[in-house]
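The values are calculated or read from the model by the stated rules, or taken from the named source; none is laboratory data. Note that the structure is a prediction, hence the values are computed from the model and not measured. Here the Cβ is made from the backbone with ideal geometry for all residues, glycine too, and neighbour counts use every protein chain on show. Heads up: the accessible areas ignore ligands, DNA and RNA and are worked out on the full protein's heavy atoms, side chains in. Shrake-Rupley method; radii C 1.70, N 1.55, O 1.52, S 1.80 Å.
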Amino acid sequence: MEEKEQLTPQTENTAAEVAQSTSETAAPAVEAPKAEETTKLAASAEEATQVAEVSVEKATPAAEASKAEVSAEKVAPAEKAAPAVEAPKTAEAPKAEAPKPAAPATPRPAAAPRPAAKPAAPAKNEVKAEVVDAKELHSTLAKLKEEGYIFLENLTGVDWGEEGLGVVYSLSHGETFEMKHVKAVAENKEEPYLDTVCDLWDIANFYEREVYDFYGIKFLNHPDMRRIFLREDWVGHPFRKDDKPEEHNEEIAVGDEPISDLAVCYTLNEDGSLNKTETPLFEEDDYVINLGPQHPSTHGVLHFRTRIDGETITKIDPHLGYIHRGIEKISEELTYPQTLALTDRMDYLGAMQNRHALCACIEQAMGVEVSDRVQVIRTIMDELQRIDSHLLFFSCLCQDMGATTAFLYGFRDRELILDIFEETCGGRLILNYNMIGGLAYDIHPNFQKRVKEFIVTMRKNLKEYDDIFTGNVIFQTRAKGVGIITKEQAISFGCTGGTGRASGWSNDLRKHRPYAAYDRVDFKEVVRTEGDSFARYMIRLDEIRESLHIIEQLIDNIPEGNFAEKMKPVIKVPAGSYYSAVEGSRGILGVYLESRGDKFPYRLHYRATGLPLVAVMDTACRGNMIADLITIGGTIDYVVPDIDR
């Protein structure tokens with residue numbers, strides 16, 4: 001007779017569940033007198049239903065009675081094995097006892113109610129915008145500027161569907177860099193308009209033109225409401241959710257792009273209709289030359305229409321969008337991990353920092369805490385990227401001004417950084433290293449050794465740069481006092497990074513809003529006050545020295561830990577609006593993310609570091625010689641794919 005299996009903790013549930021698990025146990029057996037043979041009942045339900053048809057040789061009356069009872073009850077699914085009955089050792093055995101019914105299942109104690117889930121803490125980077133009426137927008141922003149929020153850090157157009165079209169203004173305090181956000185929705189979606197803030201901030205000129213280009217929101221009293229990225233003959237506004245550009249535009253434009261010479265201004269009539277006026281950008285007798293879009297010293301496909309008087313620049317009209325790829329619109333159709341691939345292709349000299357900004361924005365929105373190891377490695381990589389960018393800045397500036405030897409020196413040293421990147425990341429320009437929740441790979445075993453060797457080499461070679469180029473009298477003559485940008489102009493145009501710090505504006509986010517591991521390292525924010533081309537050049541070389549100092553403090557102190565957190569296969573960001581920023585190679589790189597709780601971003605906007613830099617070119621170049629435009633543009637240090645996105 002088989003023994004009953006002992007219950008394990010995994011099967012110790014209820015008697016009913018135990019009964020089901022014993023369906024394969026043998027049926028009750030009846031022991032016959034010694035003179036007769038014994039039989040066993042069928043073990044399974046199928047055998048039990050057929051037991052009446054089974055003939056057993058020399059069966060005792062007790063066994064027959066047991067069979068009849070078993071057949072009557074059908075032992076249905078043989079829920080539980082009955083105890084064996086031993087027949088008395090007499091010629092006529094008494095009737096076997098019926099199997100005892102299974103003990104009733106012990107009721108399972110009711111599970112204690114789970115404690116109510118604590119409400120999720122608000123994300124560190126959540127945008128809590130103050131919603132204002134469209135008619136009060138200008139006065140609200142003017143008041144905030146008077147309160148010290150003098151820096152228009154970001155301006156994002158959004159199509160909120162039924163709510164309408166509108167803009168989110170992100171302002172930063174001039175000293176504390178505390179942020180405030182203001183949201184305004186246009187009253188009429190069919191012909192949306194808002195008041196311009198060009199009179200408060202110069203950079204609003206370009207920001208508002210971008211919103212008009214993509215969303216069709218007209219800004220009243222804006223002096224130049226033309227498209228800024230798309231062709232003048234483009235039909236529609238492609239960032240609107242209901243826009244269908246393929247129905248009204250050629251898949252591939254084959255004709256020459258028309259360039260408008262008329263600045264458009266919209267004003268509001270008393271009856272609520274809009275009045276449109278057009279003003280010529282240039283007079284008929286103006287002498288206008290074209291620099292770009294194929295000029296090598298524009299550092300990309302950028303077109304400057306330049307008005308000159310003799311050899312003196314009197315006006316510059318930048319024409320953008322030649323390599324606009326619609327990165328922000330494309331991102332609305334991509335999952336969050338897929339959006340990362342596009343960041344490396346904006347400012348390709350700040351690929352690490354671009355992706356760091358987007359990953360940090362998503363991680364903070366989801367409440368994901370990456371390990372300390374990830375924070376330190378990201379900081380080291382960002383600083384290596386900054387040195388990489390500044391070395392290319394130095395090399396290209398030297399080449400633009402005819403110093404070919406210095407150009408080769410810069411590229412020689414930049415190769416050392418690219419070798420380090422390639423060994424750990426697998427790439428040299430498009431790096432694909434930062435991921436949501438951490439890093440794609442841990443650092444290479446040779447990483448620390450090679451970085452420490454690079455620090456020694458780079459410090460020594462910086463002296464060569466000073467000997468061969470910095471102290472060159474020709475360069476100093478062409479750079480000192482040329483292309484001056486005042487502190488007030490830098491703030492008004494939003495020129496962050498080295499360009500703003502060369503004008504006396506302290507704007508380094510690594511100091512004002514520390515992130516990653518910047519709060520545990522000692523470094524100086526390099527600030528100069530001259531505001532000219534030479535100051536902007538010196539800022540970059542000094543920042544290379546400071547970046548080496550930051551890396552030196554961290555390279556032997558990389559903590560143990562995970563290089564990536566385990567993330568869900570499908571990443572969804574909680575519904576809401578979020579903003580994060582890092583200190584890129586050319587200034588503040590911001591990410592504005594709006595989510596509806598899906599796996600795709602509802603709106604993803606990048607605060608490009610280069611758009612304010614190209615916007616200030618007109619101001620910086622006026623009154624200077626045409627040859628100085630090359631020096632000014634080289635030291636302002638914009639990157640065109642970052643501008644166009």
(1) of a type in the set (D, E, K, R); (2) free of Cβ contacts under 8 Å to residues at least 40 places away in the same chain; (3) farther than 22 Å from Ser580 by Cβ all hold for Arg536 apart from (2)
For Lys599, the lone unmet condition from (1) among the basic types (Lys, Arg); (2) more than 20 Å from Ile420 (Cβ to Cβ); (3) more than 15 Å from the chain's Cα centre (by Cα) is (3)
Of the residues in the range 210-225 that are among the charged types (D, E, K, R) and buried (at least 19 other Cβ atoms within 10 Å of the Cβ), the one that is farthest from Arg603 (Cα to Cα) is Lys218
Per the list (1) open to solvent by 20 Å² or more (accessible area, probe 1.4 Å); (2) within 18 Å of Asp628 (Cα to Cα); (3) at pLDDT 85 or above, residue check on Pro318 breaks on (1)
Filtering the range 137-148 down to residues that are free of Cβ contacts under 8 Å to residues at least 40 places away in the same chain and over 16 Å from Ser492 (Cβ atoms) yields Ser139, Lys143, Glu147
Restricting the range 427-447 to residues that are free of Cβ contacts under 8 Å to residues at least 12 places away in the same chain and surrounded by 13 or more Cβ atoms within 10 Å (Cβ to Cβ), the one nearest to Ala406 (Cα to Cα) turns out to be Arg428
Here the qualifying pairs (Cβ atoms under 7 Å; residues six or more apart or on different chains; first in the range 395-418 and in contact (Cβ under 8 Å) with a residue 24 or more places away in the chain; second charged (D, E, K, R) and in a helix (DSSP H, G or I)) come out as Met401/Arg478; Tyr409/Glu464; Arg414/Asp388; Ile417/Asp388
Subset of the range 278-288, residues open to solvent by 40 Å² or more (accessible area, probe 1.4 Å) and in a loop (DSSP other than H, G, I, E, B), comes to Glu283, Glu284, Asp285, Asp286
Q.
I'd like to check something: does the range 186-197 contain any residue that is touching a helix residue (DSSP H, G or I) at 6+ places or on another chain (Cβ under 8 Å), open to solvent by 10 Å² or more (accessible area, probe 1.4 Å) and under 30 Å from Arg513 (Cβ atoms)?
A. yes
Taking the range 293-333 and keeping only residues that are touching a Pro at 6+ places or on another chain (Cβ under 9 Å) and more than 30 Å from Lys241 (Cα to Cα), one is left with Gly300, His303, Phe304, Arg305
The correct count of residues that are under 17 Å from Phe229 (Cβ atoms) and among the hydroxyl-bearing types (Ser, Thr, Tyr) in the range 562-618 is 2
Does Gly587 qualify as being surrounded by fewer than 22 Cβ atoms within 10 Å (Cβ to Cβ), touching a Ser or Thr at 6+ places or on another chain (Cβ under 9 Å) and at pLDDT below 95? no
Exactly one of Arg373, Arg378, Arg386 is assigned to a helix (DSSP H, G or I) and in contact with a His (Cβ under 6 Å, 6 or more places away or on another chain), and that residue is Arg378
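Matching residues to (1) within 19 Å of Met617 (Cβ to Cβ); (2) surrounded by 24 or more Cβ atoms within 10 Å (Cβ to Cβ); (3) in contact with a strand residue (DSSP E or B) (Cβ under 8 Å, 6 or more places away or on another chain):
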{"residue": "Gly300", "(1), (2), (3)": "yes, no, no"}
{"residue": "Phe304", "(1), (2), (3)": "yes, no, yes"}
{"residue": "Glu328", "(1), (2), (3)": "no, no, yes"}
{"residue": "Leu340", "(1), (2), (3)": "no, no, yes"}
{"residue": "Gly350", "(1), (2), (3)": "no, yes, yes"}
{"residue": "Val374", "(1), (2), (3)": "no, yes, yes"}
{"residue": "Leu384", "(1), (2), (3)": "no, no, no"}
{"residue": "Leu391", "(1), (2), (3)": "no, yes, no"}
Scanning the range 590-628 for residues that are hydroxyl-bearing (Ser, Thr, Tyr) and farther than 13 Å from Gly497 by Cβ, the one surrounded by the most Cβ atoms within 10 Å (Cβ to Cβ) turns out to be Tyr592
* To do: With the condition kept exactly as written, say whether any residue in the range 266-277 is more than 30 Å from His138 (Cβ to Cβ), touching a residue at least 24 places away in the same chain (Cβ under 8 Å) and either among the aliphatic types (A, V, I, L, M) or surrounded by 15 or more Cβ atoms within 10 Å (Cβ to Cβ) (or both).
  => no
Condition set under 35 Å from the mean Cα position of the chain (by Cα) and more than 24 Å from Gly216 (Cβ to Cβ), scope the range 241-292, selection modelled with the highest pLDDT: answer is Leu291
